[in-house]
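The values are calculated or read from the model by the stated rules, or taken from the named source; none is laboratory data. Every value quoted in this text rests on a predicted model; they were computed, and no experiment measured them. Here the Cβ positions follow ideal geometry from the backbone for every residue, glycine too, while neighbour counts run over all protein chains shown. Accessible surface areas use protein heavy atoms only, side chains included; no ligands, DNA or RNA. Shrake-Rupley method; radii C 1.70, N 1.55, O 1.52, S 1.80 Å.
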Amino acid sequence: MLKQNLQFKLSQKLSPQQIQLMKLIQLPTQAFEQRLKEELIENPALETGKEGEDLYEKDEFDNNEDYDDYDASDKMESDEINIDEYLNNDDTPDYKLQANNYSDDDEERETPFAAQVSFHQDLINQLNTFILTDEHRDIAEFLVGSIDDDGYLRRDVQDIVDDLAFTQGIYTDEPTVHKILNIIHELEPAGVGARDLQECLLLQLKHKTPTEYISLAIDLLENQFEAFTKKHYEKLLQKYSVSQEQLKKAIEEIEKLNPKPGGAFDGSSRMVEHIIPDFAIRIVEGELELTLNGRNAPSLHVSKDYQEMMQTYKVSRDKSNAQKDAVQFIKQKLDSAKWFIDAIRQRQETLFVTMNAIMHFQEEYFLDGEETSLKPMILKDIADLVGLDISTVSRVANSKYVETPYGTKLIKEFFSEAMKNDQGEDVSTLEIKQILKEIIGAEDKHKPLPDDQLADILKEKGYPIARRTIAKYRELLDIPVARMRKKI
């Protein structure tokens, strides 16, 4: 049977200029500077400051040139595009987008750095100190190549034997691979090449000078690993007939070990990104003062040379086709330059008014620095205050940083949902998390508090929170369950 369906779809469309403005608003300071440099290179009608003046020296716009010398009525028409294609990355809820001071559409740029020996190459270099046959060296290098960045060999030995045969043409057996693997286990850092955490810790302990406590620690890991990981200390005390102090010393030896030996290698450390605050908040005579990083407000103006070329064409009597083509190009560049200057001003104003609204909304926090002073605040609260779309506020919050008297903060961290206390007042979930963190920090680690007791304590403090909510907040704070927080 043939069915006919009539569907209506309402879609909002944005002009290319509006989309470009949104992208500019989204860019943090460092990415904005790069975008500005690119625009200056691409558009010769756009100029910055005075000749020889530093690009970011002034905060005010220098746009006093007479820009009305040409008729802008012939601006090129551009097709509109569907907003859904641009805003799809805003559908990710609860600020789950990674924010590292670069926007998601910022071009990836490589930073030059000094060449370093890689983790795996360092292991290969260490192998050169061992006397091995050619075949054993090939097997050893294959094993090193199979070690992950954490320093583990997370593959079954039989699978390695098969891979050596199929991919390297090396026919060997498991005992031989185990023999070569024992050589790998002698390399630095200690613990490299382990198949699991238990073996990794044991390898590190066996590299140490034997003592009473190290011997006990080795026995613990070899024979009572499950009881140790589950912190069944009473069982271990009975098993080994040792004092609580002796068991504590043995556990301390284990806690000194590195569960990821590969990550300790200097050559494998990642580059550290330097955060450039987009705003600064200071307290001046008891009042909050907000400033926008001056690098977001460069001095720009339209090229005088291009305006003079337009004026020359305007008074010219002989207007050839070539001249018409040239003036069309000039008009496009002038249009683009003027729009870019206006867009930067709009970006500057949008950033400032949004952050200013956030600052006043959270005024108590910015004055005293206490996280418990943070009020519940969602994107809509700020959007309503400044008269902007929620998506625009989200762009400011997700990728921008503010320097405060209490450190540099990611703006999105000031947003939180509201919960009711026992007085019926709205309190921030950030406040509850902070109090929960303080309670756990002050607990007796010999008898850590389970989630139901934590819920009771919070209830006594005026925060009626369910046990499952406590568990959720504890996980968000990266705090383990009570049993795993237990100390002997």
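Table for the structure above
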quantity: In Hz, Karplus ³J(HN,Hα) per residue of the range 442-448 (6.51, -1.76, 1.60; θ = phi - 60°; x = Gly, Pro); calculated: 9, 5, 6, 5, 6, 9, x
quantity: Karplus-derived HN-Hα couplings along the range 30-37 (A = 6.51, B = -1.76, C = 1.60, θ = phi - 60°), whole Hz, x at Gly and Pro; calculated: 5, 5, 5, 4, 5, 5, 5, 4
quantity: Accessible heavy-atom area order of 475, 413, highest first, probe of 1.4 Å; calculated: 475, 413
quantity: Loop sites in the range 275-329: trypsin sites (Lys or Arg not before Pro), DSSP, at most 10 other Cβ within 10 Å; calculated: 317
quantity: Relative contact order [Cα under 8 Å, 6+ residues apart], the range 349-472, whole percent; calculated: 20 percent
quantity: Exposure of residue 309 as accessible area (Å², to 10), given a probe of 1.4 Å and all protein chains; calculated: 80 Å²
quantity: Square roots of 5 times each gyration tensor eigenvalue, C-alpha, the range 143-298, largest first, Å; calculated: 44, 30, 12
quantity: Stretchable slack from residue 456 to residue 166, in nm (0.36 nm times residue separation minus alpha-carbon distance); calculated: 98.3 nm
quantity: Two-decimal log10 I(q)/I(0) for the range 125-231, as the Debye equation yields it once each C-alpha is a single scatterer, q = 0.09, 0.13, 0.18 Å⁻¹; calculated: -0.27, -0.54, -0.91
quantity: HN-Hα J in Hz across the range 233-247 - Karplus 6.51, -1.76, 1.60, θ = phi - 60°, x for Gly and Pro; calculated: 5, 4, 4, 5, 4, 6, 4, 9, 6, 10, 6, 4, 5, 5, 5
quantity: Square roots of five times the Cα gyration tensor eigenvalues for the range 373-488, Å; calculated: 31, 17, 11
quantity: Gain upon complete extension [residue 252, residue 478; 0.36 nm per residue less C-alpha separation]; calculated: 79.2 nm
quantity: In the range 384-488, chymotrypsin sites (Phe, Trp or Tyr not before Pro) in a DSSP loop with at most 15 other beta-carbon atoms within 10 Å; calculated: 406
quantity: Length gained when the stretch residue 323-residue 125 is fully extended (0.36 nm per residue, less Cα-Cα span); calculated: 64.5 nm
quantity: Sequence of 468, 137 from largest to smallest accessible area, 1.4 Å probe; calculated: 468, 137
quantity: With all protein chains modelled, accessible area of residue 170 [1.4 Å, Å²]; calculated: 20 Å²
quantity: Other-chain or far-sequence residues with amide H under 5 Å of residue 300's (modelled H); calculated: 49, 62
quantity: Computed accessible area, residue 446, all protein chains, 1.4 angstrom probe, square angstrom; calculated: 100 Å²
quantity: Most to least accessible of 255, 285 (protein chains only, probe 1.4 Å); calculated: 285, 255
